[in-house]
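The values are calculated or read from the model by the stated rules, or taken from the named source; none is laboratory data. Just so it is clear, the structure is predicted and the values come from calculations on it, not from any experiment. Positions of Cβ are backbone-derived with ideal geometry, glycine not excepted, and every protein chain shown enters the neighbour counts.
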């Protein structure tokens, strides 16, 4: 199962990336990811806190101004796994297409499907909108 959201931000990818990767300021603007702590390097674990849940995924990609992704598991691999991704696409006109997605797998996914397609997707959309506001007000 996959969730995917996108938004056009009226700012260059460098500006969007600067905000997206300034993890210390997440509590000031990010309504979805409350905190992100750790050494953000490929293969390293990070600690992420959402509303009511904390998990420690491993960083999969961290390509400056292009992509940031991680893979997390609930308890152990195969139970409930999520590969989360942020992609920044340069529209070459001063705007950036920001995509946020997550691929879910594991035996518990059907149990959480309704919550994922409502609450989790709404969290993505809220974060995207706030990222847009942050990037556009700093022009």
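Return the pair list, or none, for Cβ contacts closer than 8 Å from residues in region 40-53 that are modelled with pLDDT of 95 or more to residues that are exposed (fewer than 12 other Cβ atoms within 10 Å of the Cβ) and not in a strand (DSSP E or B), at least 6 apart or on different chains.
Listed pairs, sorted by first residue: 46/39.
Among (1) at pLDDT 95 or above; (2) farther than 13 Å from residue 4 by Cα; (3) surrounded by 15 or more Cβ atoms within 10 Å (Cβ to Cβ), which single condition is residue 80 missing?
So the condition that residue 80 fails would be (1).
In this structure, does residue 88 turn out to be farther than 24 Å from residue 8 by Cα and either surrounded by 13 or more Cβ atoms within 10 Å (Cβ to Cβ) or in contact with a helix residue (DSSP H, G or I) (Cβ under 7 Å, 6 or more places away or on another chain) (or both)? Steps first, answer last, please.
Values: farther than 24 Å from residue 8 by Cα: no; either surrounded by 13 or more Cβ atoms within 10 Å (Cβ to Cβ) or in contact with a helix residue (DSSP H, G or I) (Cβ under 7 Å, 6 or more places away or on another chain) (or both): yes.
Judged against the criteria, residue 88 is not a match.
Please work out if residue 132 is touching a strand residue (DSSP E or B) at 6+ places or on another chain (Cβ under 6 Å), over 21 Å from residue 12 (Cα atoms) and modelled with pLDDT of 95 or more.
no
Say we look at region 91-109 and pick out the residues that are surrounded by 15 or more Cβ atoms within 10 Å (Cβ to Cβ) and not in a strand (DSSP E or B); which of these is modelled with the highest pLDDT? Before the answer, list the steps.
Just the residues of region 91-109 that are surrounded by 15 or more Cβ atoms within 10 Å (Cβ to Cβ), to begin with: 95-106, 108-109.
In the following step, the residues that additionally are not in a strand (DSSP E or B) were identified as 95, 106, 108-109.
Details: 95: 98, 106: 94, 108: 91, 109: 93.
That would be 95.
Being in contact with a strand residue (DSSP E or B) (Cβ under 9 Å, 6 or more places away or on another chain) and either surrounded by fewer than 12 Cβ atoms within 10 Å (Cβ to Cβ) or part of a loop (DSSP other than H, G, I, E, B) (or both) is the filter here; which residues of region 28-45 pass it? It would help to see each step written out before you state the result.
Initially, region 28-45 is screened for residues in contact with a strand residue (DSSP E or B) (Cβ under 9 Å, 6 or more places away or on another chain), giving 30, 32-45.
Within region 28-45, 30, 32, 33, 34, 38, 39, 40, 41, 42, 43, 44 qualify.
Residue 21 passes all but one of (1) surrounded by fewer than 17 Cβ atoms within 10 Å (Cβ to Cβ); (2) modelled with pLDDT of 95 or more; (3) more than 23 Å from residue 135 (Cα to Cα); which number fails?
If we test residue 21 against (1) surrounded by fewer than 17 Cβ atoms within 10 Å (Cβ to Cβ); (2) modelled with pLDDT of 95 or more; (3) more than 23 Å from residue 135 (Cα to Cα), just (3) comes out false.
For residue 118, work out the one condition from (1) within 22 Å of residue 2 (Cβ to Cβ); (2) part of a loop (DSSP other than H, G, I, E, B) it doesn't fulfil.
Here residue 118 clears every test but (2).
Do the conditions hold for residue 60, that is, is it surrounded by 15 or more Cβ atoms within 10 Å (Cβ to Cβ) and closer than 18 Å to residue 129 by Cβ?
Working: surrounded by 15 or more Cβ atoms within 10 Å (Cβ to Cβ): yes; closer than 18 Å to residue 129 by Cβ: no.
No.
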